Amino acid sequence: MNISRRKIIQGSAAVAAVSAAPLPLVFGQSAEFTYKYAHNVPTTHPMHIRAKAAADAIRTETQGRLEIQVYPSNQLGGDTDMFSQLRSGGIELFTLSGLILSTLVPAAALNGVGFAFPDYASVWRAMDGDVGAYVRSQITKANLVVMDRMWDNGFRQITTSNKPINGPDDLRGLKIRVPVSPMWTSMFKAFDSAPTSLNSSEMYTAMQTKVVDAQENPVSIISLFKLNEVQKFCSMTNHMWDGFWFLANRRAWERLPVQLREIAAKHLNAAAVAQRADMEMLNATLQKDLVSKGMVFNTPTTEPFRQKLRSAGFYSEWKSRFGQEAWDILERSTGKLA
Ligand code: X2X
């Protein structure tokens, strides 16, 4: 090799070394930080797919310093259990429905108020705007770290094994599985149903063994958890919108150098936004797929359900539970609810 060529190579190696200097990488060396991220959906769900891609992007951009291992599908326990592990530091990262999170941070149930949002546009305006900012400030006060962008679970629909739900009267006495959260129990009590709180890890079996006859979830969850195998009817009630907050254990998060936190947050927030678009497309496709598998869909009128909640005192109860400040923030996004 002649001198000038060697100089050029040395020169470009030096440039590479300088640009890599803040994040040195030695191939084959194990990561400086290996964090567990756990969630409750199957690997076919866009939340898993986008989070996994974000974990790869984070590994690459941190030059291997931060490795996020993804544990899907309730592998590390049901939501209630994973949430305790997140708080104790047994797992570092976790996505949780705001409504389940409300067992620790009451304000996190705000987005689940019955029939608060008519469509996705109003959901994201609120959750990327004032409602989300308020909820995140409350989550932070509870000593957890939360990413800015919320992930979509979806508008929830009611499935049953035995009859379509055409109006609120069909909900009377219905044995329905709901997630573990006061908001869900309260809503289905207001409908005079008989709600049973169970984590999603136990939902399929509960219907298979007929412990319950019904459940409520977005079409994507109904399909990806294969609930059509144990449920016949799907009534498109859109009775609430539900999403996941991406949470981190505070001590684990603060152990990361600031630069690594910034890289992780950037990719996780971008993945959330991409996941929202995936979900809208998927919901339409999966409904067709469920129909082809024999599930029977109907779309009841919303107003009688809302009226039933109103007359049962649901909105006034939740207004006083959340407090005037939180309720005003919600109503600024949704219009008058109570
Ligand atoms: O538990 C459920 O029903 C689910 C999967 O929708 C949530 O994460 C709240």
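The values are calculated or read from the model by the stated rules, or taken from the named source; none is laboratory data. Note that this is a predicted model, so its numbers are computed, not measured. Virtual Cβ from ideal backbone geometry, glycine too; neighbours counted across all protein chains shown. The area values use the complete protein model at the heavy-atom level, side chains included, leaving out ligands, DNA and RNA. Shrake-Rupley method; radii C 1.70, N 1.55, O 1.52, S 1.80 Å.
For THR185, THR80, what's the largest-to-smallest order of accessible area, 1.4 Å probe?
THR80, THR185
So how far apart, in nm, are the two label points at LYS266 and ASP56 if each is 7 Å from Cα heading toward Cβ?
If labels sit at LYS266 and ASP56, their model points lie 1.9 nm apart.
Using only alpha carbons, build the gyration tensor for the stretch 212-338 and give me the equivalent ellipsoid semi-axes, biggest first, whole Å.
Listed largest to smallest, the semi-axes of the stretch 212-338 are 32, 26, 13 Å.
Indicate, rounded to the nearest 5 percent, the antiparallel portion of the DSSP beta bridges found entirely in the chain. Intermediate values should be presented prior to the final figure.
Details: 19 of 36 bridges.
Of all bridge pairs located within the chain, approximately 55 percent are antiparallel.
Can you give the accessible area of VAL296 in Å² (nearest 10), computed on protein heavy atoms with a 1.4 Å probe?
For VAL296, the solvent-accessible surface is approximately 60 Å².
Only Cα pairs within less than 10 Å get springs; with that Gaussian network setup on the chain, which residue of ALA214, ALA277, ALA126 has the largest fluctuation?
ALA277
Report relative contact order for the chain in percent, whole number only (criteria: Cα-Cα under 8 Å, sequence separation at least 6).
24 percent
List the equivalent ellipsoid semi-axes of the stretch 49-108 in whole Å, largest first, each obtained as the square root of 5λ for an eigenvalue λ of the Cα gyration tensor.
Working: eigenvalues 122, 30, 26 Å².
Calculated on Cα positions only, the semi-axes equal 25, 12, 11 Å.
What FRET efficiency comes out for the pair GLN208/ARG172, r = Cβ-Cβ distance, R0 = 22 Å, nearest 0.05?
That pair, GLN208 with ARG172, gives E of 0.35.
For the pair LYS226 and GLN324, what calculated FRET efficiency results from E = 1/(1 + (r/R0)^6), where r is the Cβ-Cβ distance and R0 = 35 Å, to the nearest 0.05? Before the final figure, lay out each step's value.
Values: r = 43 Å, r/R0 = 1.24.
So, using R0 = 35 Å, E works out to roughly 0.20.
Take the Cα radius of gyration of the stretch 98-138 and divide it by 2.2 N^0.38 Å, with N its residue count; two decimals is plenty.
In units of the globular-protein estimate, the stretch 98-138 measures up at 1.10.
In square nanometres, what is one fourth of the surface area of the convex hull spanned by the alpha carbons of the stretch 160-222? Provide the component values of the computation, followed by the final result.
Numbers: hull surface 16.3 nm².
With the hull built on Cα positions only, its mean projection is 4.1 nm².
Quick one: what does P(r) look like for the chain with 10 Å bins over all Cα pairs, in whole %?
Result returned by the calculation: 5, 24, 31, 21, 9, 5, 3, 1, 0.
Pick from ARG255, ARG149, ARG50 the residue whose mean-square fluctuation is largest in a GNM of the chain, springs joining Cα atoms under 10 Å.
Looking only at ARG255, ARG149, ARG50, the largest GNM fluctuation is found for ARG255.
Could you report the chain's accessible area per residue, 1.4 Å probe, as an integer in Å²?
43 Å²
Measure off, as a whole percent, the carbon and sulfur share of the 1.4 Å-probe accessible area of the chain, all protein chains present.
53 percent
Scale the Cα Rg of the stretch 36-158 by the rule-of-thumb value 2.2 N^0.38 Å and send over the ratio, two decimals.
1.09
Tell me, what is the 1.4 Å probe accessible area of ILE329, in Å² to the nearest 10?
Approximately 20 Å² for this residue.
Would you mind telling me which residue in LEU104, LEU290, LEU96 has the biggest mean-square fluctuation in a Gaussian network model of the chain, where springs connect alpha carbons within a distance under 10 angstrom?
Looking only at LEU104, LEU290, LEU96, the largest GNM fluctuation is found for LEU104.
Express in nm, to one decimal, how much length is gained between GLU303 and GLN69 on full extension, taking 0.36 nm for each residue of separation and deducting their alpha carbon distance.
Numbers: separation 234, 0.36 × 234 = 84.24 nm, distance 4.47 nm.
The span from GLU303 to GLN69 would gain 79.8 nm if fully extended.
DSSP beta bridges in the stretch 103-227, what fraction antiparallel, as a percent rounded to 5?
40 percent
Rounded to a whole number of µm²/s, how large is the Stokes-Einstein D of the stretch 99-196 at 10 °C and 1.306 mPa s, given Rh as the Kirkwood radius over C-alpha pairs?
106 µm²/s
Given R₀ = 30 Å, what would the calculated FRET efficiency be for SER30 paired with ARG250, taking r from the Cβ atoms and rounding to 0.05? If you can, show how the numbers build up before the last one.
Values: r = 24 Å, r/R0 = 0.81.
The formula returns an efficiency of 0.80 here.
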